Amino acid sequence: MATSVVPDIELQKQFDYCLKVKTLLAERLPGRAPLAFTHTYGCQGNVAEGERIDGMLAQMGYEFCDDASKADFILFNTCAVREHAEERVFSNLGRLKVFKETNPNLIIAVCGCMVQQEHIKKKLKSSFPYVDLVFGTHAIHTFPESLYNCILKQERVFEVPDSDGVVFEGVPSKHSNGIKAFLPISYGCNNFCTYCVVPLVKGRERSRKYEDIMADARQLVADGYKEIMLIGQNVNSYGNDFGETNLFAKLLREINDIPGDFIIRFMTSHPKDCSFELIDTMAECSKVEHHIHLPFQSGNDRVLREMNRHYDRKRYTEVAKYAKERIPDIAITSDVIVGFPGETHEDFLDTVSLIREIEFSSLYIFIFSPRVGTKAASMPDPVPAEEKSAWFKELSDAQEEVAAARSLAMKGKVYRALVEGRNKAGRLCGRTSQNIMIEFDGPDDLIGTFQNIKVTEPLTWILKGELQ
Ligand code: SF4
């Protein structure tokens, strides 16, 4: 298995396939554009991959719809991180069967992390005969060729190569709105946390070339995007595969120097690689927002070792406290796993104490979900599910108290927010620098602009405010 950059000649071949699909569909659907319905599950990295796939579909002449029943092509871009997400995909796929019965020309496709797992591929083959096209995380760049063969030969195509991963450039993404854009800086992961399937399905860490990222960032600013979100499984180790260290901090500074009124966010930071230099860079770069997602997963050192996280509680708290010292209004958010195999209630209480010590703005709390092929899946796991659910509630309640106190402290203060749109209540909404949602009244022409909002009613998870 080898990591490789897809050569230009192969990419050109795929662009040619885009045109071939376009021609084929123009013959089969005369007088109208083909319609695609695509849905992405999971993390921002997956969303960014989905935007590249949508970019390819646009090149093939597809227009996009929100109603799967009207589509000529349906794609689920899947996530394998938790069992629950996989169950949802299978259940949603089941609902598509009826569409296939009424429209035999409909193409149903599944891609992403789930299908990169052998047992899932087999299940799709045997139990979902109406799924026409399956392509893995290392076959995204050959998607146009796979789709062409699927339509032309009217046969099922399964393209799931085994690989350490590839990098391919030059495919224009179709961003879901004109305000915020995801910008991948690396793919895959080298860390092998014992519970995580990502390195097995997304391959080893591959950093994109510095100059390719800078070119994309300049283009996004020129195109009027107001928020650039730099994406990687571990942004802090960006460039380590080039033999560089702290290249991410340099990248942040250089993007910050691009002229224009825009903001920069990034996700995800691994605590073992999050340097004090990165925190200094955040503090010194005016366009880098005051939020860091720094998953600690557990507050107990023995559990962290079992998870293969390569940091301990002391290291984590040093980084988090330094961040608060340098950027006093910073929001720190995190992922936490409750009920890791072998975790005791006493171990778990270290997690509760850590959240009170750091005062996180919000947490994504997950009950441990065993993933096929990972080390943790075969570890003894004696704690019953009901007990883990009780721990989950205990942690959620503690975090709710912390978040409510943090919100209350924001009352009466003015925050600059990027206005993203209207919420279900019809009010304008945006996010503060700390990535906290704030809603307020105002006209439509404020959408896509930065506005100062005074917090009048701080709720636990959302702020209500007034335009200044
Ligand atoms: S750092 Fe760990 S949890 Fe994050 S993607 Fe890599 S292996 Fe998974």
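Screening Phe143 on (1) buried (at least 22 other Cβ atoms within 10 Å of the Cβ); (2) within 16 Å of the ligand (Cβ to nearest atom) shows it passes everything except condition (2).
Within the range 260-299, being free of Cβ contacts under 8 Å to residues at least 40 places away in the same chain, in a helix (DSSP H, G or I) and either within 26 Å of Phe192 (Cβ to Cβ) or within 16 Å of the ligand (Cβ to nearest atom) (or both) holds for one residue alone: Glu277.
When you go through Val171, Val201 one by one, which is the residue that is more than 16 Å from the ligand (Cβ to nearest atom) and either assigned to a helix (DSSP H, G or I) or in contact (Cβ under 8 Å) with a residue 60 or more places away in the chain (or both)? Break it down stepwise before answering.
Values: Val201 fails: more than 16 Å from the ligand (Cβ to nearest atom).
Among Val171, Val201, only Val171 is more than 16 Å from the ligand (Cβ to nearest atom) and either assigned to a helix (DSSP H, G or I) or in contact (Cβ under 8 Å) with a residue 60 or more places away in the chain (or both).
Quick one: in the range 313-335, which of the residues that are among the basic types (Lys, Arg) and more than 11 Å from Ile279 (Cβ to Cβ) is surrounded by the fewest Cβ atoms within 10 Å (Cβ to Cβ)? Here the residue is Lys314. Selection of the range 322-334 for residues being free of Cβ contacts under 8 Å to residues at least 60 places away in the same chain and part of a strand (DSSP E or B) yields Ile332, Ser334. Could you check Leu363 against (1) in contact with a helix residue (DSSP H, G or I) (Cβ under 7 Å, 6 or more places away or on another chain); (2) touching a residue at least 40 places away in the same chain (Cβ under 8 Å) and say which number it fails? Condition not satisfied by Leu363: (2). Within the range 374-395, does at least one residue satisfy the condition of being in contact with a Ser or Thr (Cβ under 7 Å, 6 or more places away or on another chain), surrounded by 13 or more Cβ atoms within 10 Å (Cβ to Cβ), among the β-branched types (Val, Ile, Thr) and not assigned by TED's automatic domain parsing to the domain that holds Thr333? There is no residue in the range 374-395 that is in contact with a Ser or Thr (Cβ under 7 Å, 6 or more places away or on another chain), surrounded by 13 or more Cβ atoms within 10 Å (Cβ to Cβ), among the β-branched types (Val, Ile, Thr) and not assigned by TED's automatic domain parsing to the domain that holds Thr333.
Of Arg371, Arg356, Arg313, Arg326, all but one fail to be under 23 Å from the mean Cα position of the chain (by Cα) and in the same structural domain as Cys274 (by TED's automatic domain parsing); the exception is Arg371. Does the range 428-438 include one or more residues that are of a type outside the set (A, V, I, L, M, F, W, C) and more than 26 Å from Phe266 (Cα to Cα)? No, every residue in the range 428-438 fails to be of a type outside the set (A, V, I, L, M, F, W, C) and more than 26 Å from Phe266 (Cα to Cα).
Within the range 28-42, not a single residue is of a type in the set (S, T, N, Q), in contact with a helix residue (DSSP H, G or I) (Cβ under 6 Å, 6 or more places away or on another chain), in contact (Cβ under 8 Å) with a residue 12 or more places away in the chain and assigned to a helix (DSSP H, G or I).
Every residue, every condition in (1) in contact with a helix residue (DSSP H, G or I) (Cβ under 8 Å, 6 or more places away or on another chain); (2) part of a strand (DSSP E or B); (3) farther than 30 Å from Glu357 by Cβ, yes or no:
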residue	(1), (2), (3)
Ala403	no, no, no
Ala417	no, yes, no
Asn452	no, yes, yes
Thr460	yes, no, no
Glu466	no, yes, yes
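Being within 14 Å of the ligand (Cβ to nearest atom) and among the charged types (D, E, K, R) is a property that holds for Arg206.
With respect to Asp241, determine if the residue is part of a helix (DSSP H, G or I), more than 16 Å from the chain's Cα centre (by Cα) and within 16 Å of the ligand (Cβ to nearest atom). When the stated conditions are applied, Asp241 passes them. For the range 305-321, the set of residues classified as within 15 Å of the ligand (Cβ to nearest atom), touching a Phe, Trp or Tyr at 6+ places or on another chain (Cβ under 9 Å) and either of a type outside the set (S, T, N, Q) or assigned to a helix (DSSP H, G or I) (or both) consists of Glu306, Met307, Arg309, Tyr311, Tyr316, listed by residue number.
What about Thr194, is it within 16 Å of the ligand (Cβ to nearest atom), farther than 26 Å from Tyr311 by Cα and in a loop (DSSP other than H, G, I, E, B)?
It is false that Thr194 is within 16 Å of the ligand (Cβ to nearest atom), farther than 26 Å from Tyr311 by Cα and in a loop (DSSP other than H, G, I, E, B).
The values are calculated or read from the model by the stated rules, or taken from the named source; none is laboratory data. Keep in mind that what you see is a predicted model, and the values were worked out from it rather than measured. Every residue, glycine as well, gets a Cβ built from its backbone with ideal geometry; the counts of neighbours run over all protein chains shown.
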